[in-house]
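Below is one structure, written out as C-alpha cells; the observations come after it.
The values are calculated or read from the model by the stated rules, or taken from the named source; none is laboratory data. Please read these numbers as outputs of a predicted model, since none were measured by experiment. Here the Cβ positions follow ideal geometry from the backbone for every residue, glycine too, while neighbour counts run over all protein chains shown. Ligands, DNA and RNA are stripped out before the accessible areas are found, and what is left, the full protein with its side chains, is counted by its heavy atoms. Shrake-Rupley method; radii C 1.70, N 1.55, O 1.52, S 1.80 Å.
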Amino acid sequence: MSKSISTVAFIGLGVMGYPMAGHLAKAGLSVRVYNRTSARAEAWTAEHGGSHHATPREAAQGADLVLVCVGNDDDVRQVTTGDGGVLEGMAADSLLVDHTTASADLAEELDTVCRDKGIGFLDAPVSGGQQGAENGTLTIMCGGSEADFDKARPMLDHYGKAVTLMGPAGSGQLTKMVNQICIAGLVQGLAEGMHFAEQAGLDQQRVIDVISKGAAGSWQMENRHKTMIADEYEHGFAVNWMRKDLGICLDQARRLQARLPVTALVDQFYADVQVLGGGRWDTTSLLRRLRAVEKR
C-alpha cells in the first residue's frame, strides 16, 4: 500500500483551482502551488499558507499528489511533460491528477507516460463551476485504475460532493463531454423559454416559480434564472471555455460516429455570442443572443 498523502502540489490557480487548492490547505495538508501569473500564487499563499514556486517541476518536488487545473490540452502538456513540467519533479509512487477539461486522447497519453515512470494518473474533470469549487461541492468524473482512485479519493473529497470512477484513463474526460453536451441543449432551451415568456408579456419570475417545480426544473433554471431575467452574465462558466469544451465534444463525436446536431447548433449560437463581444459572458448569455436577434 502506498504511503498516505501529506504534501500536495496544485498547478493552476484560476477561478476553479484557487478555491480547490484552498480546501486542501484548510484540511491541514502541506500545499505547494504554481501559477503562470506568479502574483496569483503569491496571493494564494498569503491567504492559505503553503509555498509558491517558480516552475511546475519545483512545485511537484516532494509532493505525494500533484493536481493540475489549467486551460486546455496544450496547457496541460506544458505543465506536465514540457520543460520544467511536473513529471520532471515527481517521484515514483506519487500520483498525478488532471482536473482540466481536456481530450480523452491526452488523458490516455499522460496515463502511458506516467505508468512508464511508475507514477499513478487520473483524468478527473469537474463540474459545478466556480460556485461549486468555492463551496466544495464539485462533481468529479475520474478515469484511471481503482488503486489510483482509492489513493486520490480522500483528497478529492475535500472539494467534491460526488467523486466517481468512470472507467480506465480517458473515461473521466468522456463523461465530462456527456455533461457539456447535456448542458448545451438545456441552456438553449431555458433561454428560448424565457425569451418566449418575455415576448408573450408574462411575468418571467412567476413563470419560473411555477415550471421549476415540475418536469422543466433544472440546476441551471434554479441557479441562473434571476441573472438571466436581469440580463446579467457575469456569474459562471465563460462562453470561450464552453466553446473549447464543445469543440472537444464534437471532435470526439466525429471519431465515434455519434450524432450531435443540437450540440453543433448551440456551439454556433455561442459563436454568435462571441461576435457580440460576449466571450467572457457566462453560458446563459444565449438569452442575450435571442434578445439581440429580436432587435434586428
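The loop-placed GluC sites (Glu not before Pro) in the stretch 222-296, going by DSSP, that have at most 10 neighbouring Cβ atoms within 10 Å of their Cβ come out as GLU234. Per residue, the chain exposes an accessible area of 46 Å² to a 1.4 Å probe, with every protein chain left in place. How much of the accessible area of the stretch 109-265, in percent, comes from carbon and sulfur atoms when a 1.4 Å probe is used? Exposed carbon and sulfur together represent 54 percent of the surface. Under the rule a/c < 1.5 gives rounded, and otherwise a/b versus b/c splits prolate from oblate, where does the stretch 1-146 land using the Cα gyration tensor? Rounded shape, in that the Cα axes give a/c under 1.5. Of all DSSP-defined beta bridges confined to the chain, some 15% are antiparallel rather than parallel. For the stretch 50-124 versus the stretch 151-199, the inter-centroid distance based on Cα atoms is 23 Å. Once every DSSP H run of n ≥ 4 in the chain is given -39500 (n - 2.57) and the sum is divided by its residues, what mean residue ellipticity at 222 nm do you get, rounded to the nearest 500 deg cm²/dmol? Counting only the DSSP helices, I get -16500 deg cm²/dmol. Across the chain, Cα pairs under 8 Å and at least six residues apart give a relative contact order of 13 percent.
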